[in-house]
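Engineer: Quick one: the structure is below, questions incoming.
The values are calculated or read from the model by the stated rules, or taken from the named source; none is laboratory data. Note that the structure is predicted; figures quoted are calculated from it, not measured. So basically every Cβ, Gly included, is an ideal-geometry build from the backbone, and we count neighbours across all protein chains shown.
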Amino acid sequence: MIKYEYIDNIKILNKREYQKVSIWIIRHAQSRSNAGLATIGPHDNGLSELGYQQSQCIPTAVKQSPDLIVTSPYLRTQLTAQPLIEQFPNTPIEVWQIQEFTYLTLPLDQPTTLLMRRPLTKAYWERCDPNYIDGPNAESFGQLMARVRTALNQLQQQSGFAIVFTHGFFIKAMLWQILAAPTVIDAVAMRRMQEFSRGFRVPNASILKLEFEPEGIPYLSSFITNHLPVELESATPDTTVAIDAGDQPS
C-alpha cells in the first residue's frame, strides 16, 4: 500500500515508499538432484561439482554491496549464496520461507533419483488437488501459493538492493502470482499454474531482476546468465517443470 505524508495540505509520497526497490532473484546453482544423482529429501540436496563452479560466478555480476542477502532454508541456496556472502561480509543475511515446492513425501532412509520419483510425480499432478498433502514433510499447492504471497509482501517492504536466493519452481510461482494475480487457488488455478510453468526455463544460477515502483508496479528482466561461462551455462538443463522433467521441483 502507498503511504503519504501531508505538508501544507499537499499530499506527497512517503520518502521510504518513494524509493525504488531493487531485487535480484537468483535460482540456486545446479544441485545434486538436478544432475540426476540420488538424494534423500530436499534438505540433503546440496550442489553438484558444476553447481559449485556456477556459484563462484555469481559475485562477478554484483557490482555494489547489497543491503540484504536472503536464502531459503535449503542447503543448495545457502551454498550458492556463500561466495557472495564472503564477498560482502557486512551485508545482513536472512532466511525466509522461500524453499522449493516439496509436494512428495519420500523415504528418509532411501536415496531416490529423478527416474525413481517419476510415477509419484505424475500421480500428484494428475490428481490436481490444491489442498492435497502427500504426507509428512510435504505441502499442498495452496500452501505453496500462500508462501509465495508472503514472500512478495516481504520483498515489497524492502528498500535499497536485496539479493534473494531461491528455487526454480518457486520463482515461476512468484511470476505467476504477479502476472495472473489469482484470487482463488482451486483446481483450475493449479492447472493454469502448471501450464504457465511449462512455457519458459529458469536456468540454474540465473538472475531475475525485479523492481517495484512506488505504486507497487513490478518491472521484470529476462533471466540473465551472462555471468556464467558458456560451458557452465549450456550445462544447465531445465528441471523446474516437474511434470515434464519427471521429478518434483529441485
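Engineer: Anything in segment 58-76 that is in contact with a Pro (Cβ under 9 Å, 6 or more places away or on another chain), in a helix (DSSP H, G or I) and farther than 12 Å from HIS28 by Cα? List them, or say none.
Structural biologist: If the condition is that a residue be in contact with a Pro (Cβ under 9 Å, 6 or more places away or on another chain), in a helix (DSSP H, G or I) and farther than 12 Å from HIS28 by Cα, then PRO59 is the only one that fits.
Engineer: Only one of GLN156, GLN110 is modelled with pLDDT under 95, in contact with a Phe, Trp or Tyr (Cβ under 9 Å, 6 or more places away or on another chain) and surrounded by fewer than 16 Cβ atoms within 10 Å (Cβ to Cβ). Can you tell me which?
Structural biologist: Numbers: GLN110 fails: in contact with a Phe, Trp or Tyr (Cβ under 9 Å, 6 or more places away or on another chain).
Just one listed residue meets the conditions, GLN156.
Engineer: Turning to a different aspect of this structure: For segment 191-222, what are the residues that are of a type in the set (Phe, Trp, Tyr) and without any contact (Cβ under 8 Å) to a residue 40 or more places away in the chain? Don't jump to the end; show me each part of the working.
Structural biologist: Residues of segment 191-222 that are of a type in the set (Phe, Trp, Tyr), as a first pass: 196, 200, 212, 219.
Within segment 191-222, PHE196, PHE200, TYR219 qualify.
Engineer: Anything in segment 108-134 that is under 23 Å from the mean Cα position of the chain (by Cα) and assigned to a loop (DSSP other than H, G, I, E, B)? List them, or say none.
Structural biologist: Result: THR113, CYS128, ASP129, PRO130, ASN131, TYR132, ILE133, ASP134.
Engineer: Same structure again: Does GLU139 count as among the charged types (D, E, K, R), within 24 Å of VAL184 (Cα to Cα) and in a loop (DSSP other than H, G, I, E, B)?
Structural biologist: Numbers: among the charged types (D, E, K, R): yes; within 24 Å of VAL184 (Cα to Cα): yes; in a loop (DSSP other than H, G, I, E, B): yes.
Yes; evaluated as a whole, the condition is true for this residue.
Engineer: Within segment 35-49, is even one residue modelled with pLDDT under 95 and β-branched (Val, Ile, Thr)?
Structural biologist: Within segment 35-49 (the criterion being modelled with pLDDT under 95 and β-branched (Val, Ile, Thr)), the answer is yes, since at least one residue qualifies.
Engineer: If the requirement is being more than 19 Å from PRO66 (Cβ to Cβ), without any contact (Cβ under 8 Å) to a residue 12 or more places away in the chain and not acidic (Asp, Glu), which of these qualifies: VAL148, VAL188? Break it down stepwise before answering.
Structural biologist: Numbers: VAL148 fails: without any contact (Cβ under 8 Å) to a residue 12 or more places away in the chain.
That would be VAL188, the only listed residue that is more than 19 Å from PRO66 (Cβ to Cβ), without any contact (Cβ under 8 Å) to a residue 12 or more places away in the chain and not acidic (Asp, Glu).
Engineer: Of the residues THR91, THR150, THR105, which single one is closer than 30 Å to GLU195 by Cβ, over 16 Å from the mean Cα position of the chain (by Cα) and polar (S, T, N, Q)? First the steps, then the outcome.
Structural biologist: Working: THR91 fails: closer than 30 Å to GLU195 by Cβ; THR150 fails: over 16 Å from the mean Cα position of the chain (by Cα).
Selected residue: THR105, the only one of THR91, THR150, THR105 that is closer than 30 Å to GLU195 by Cβ, over 16 Å from the mean Cα position of the chain (by Cα) and polar (S, T, N, Q).
Engineer: Please work out which residue is surrounded by the fewest Cβ atoms within 10 Å (Cβ to Cβ), limiting yourself to segment 46-57 and to residues that are part of a helix (DSSP H, G or I) and not polar (S, T, N, Q). Before you say what the answer is, go through the steps one by one.
Structural biologist: First pass over segment 46-57, keeping only residues part of a helix (DSSP H, G or I): 49-57.
Going one step further and asking which of them are not polar (S, T, N, Q), we end up with 49-52, 57.
Details: GLU49: 9, LEU50: 19, GLY51: 24, TYR52: 16, CYS57: 17.
The residue in question is GLU49.
Engineer: Go through (1) farther than 27 Å from LYS209 by Cβ; (2) of a type outside the set (Gly, Ala, Ser); (3) crowded, with 18+ Cβ neighbours inside 10 Å for VAL184 and report which single condition fails.
Structural biologist: Exception for VAL184: condition (3).
Engineer: Let me ask something else. Which count do you get for residues in segment 46-69 that are more than 26 Å from THR91 (Cα to Cα) and in contact (Cβ under 8 Å) with a residue 24 or more places away in the chain?
Structural biologist: Of segment 46-69, the ones more than 26 Å from THR91 (Cα to Cα) are 48-50.
Keeping just the survivors that are in contact (Cβ under 8 Å) with a residue 24 or more places away in the chain gives 50.
Residues in segment 46-69 being more than 26 Å from THR91 (Cα to Cα) and in contact (Cβ under 8 Å) with a residue 24 or more places away in the chain: 1 in total.
Engineer: Does segment 161-172 include one or more residues that are surrounded by fewer than 20 Cβ atoms within 10 Å (Cβ to Cβ) and not charged (D, E, K, R)?
Structural biologist: If we filter segment 161-172 for residues that are surrounded by fewer than 20 Cβ atoms within 10 Å (Cβ to Cβ), which is where we start, we get 161.
Add one more test, that the residue is not charged (D, E, K, R), and what stays is 161.
Yes, segment 161-172 has at least one match.
Engineer: Kindly list, by first and then second residue, each pair from a residue in segment 74-90 that is of a type in the set (A, V, I, L, M, F, W, C) to a residue that is part of a helix (DSSP H, G or I), limited to pairs with Cβ atoms under 7 Å and residues at least 6 apart or on different chains.
Structural biologist: Close Cβ pairs (under 7 Å, with a partner that is part of a helix (DSSP H, G or I)) amount to LEU75/HIS43; LEU79/SER55; LEU84/ILE58; LEU84/PRO59.
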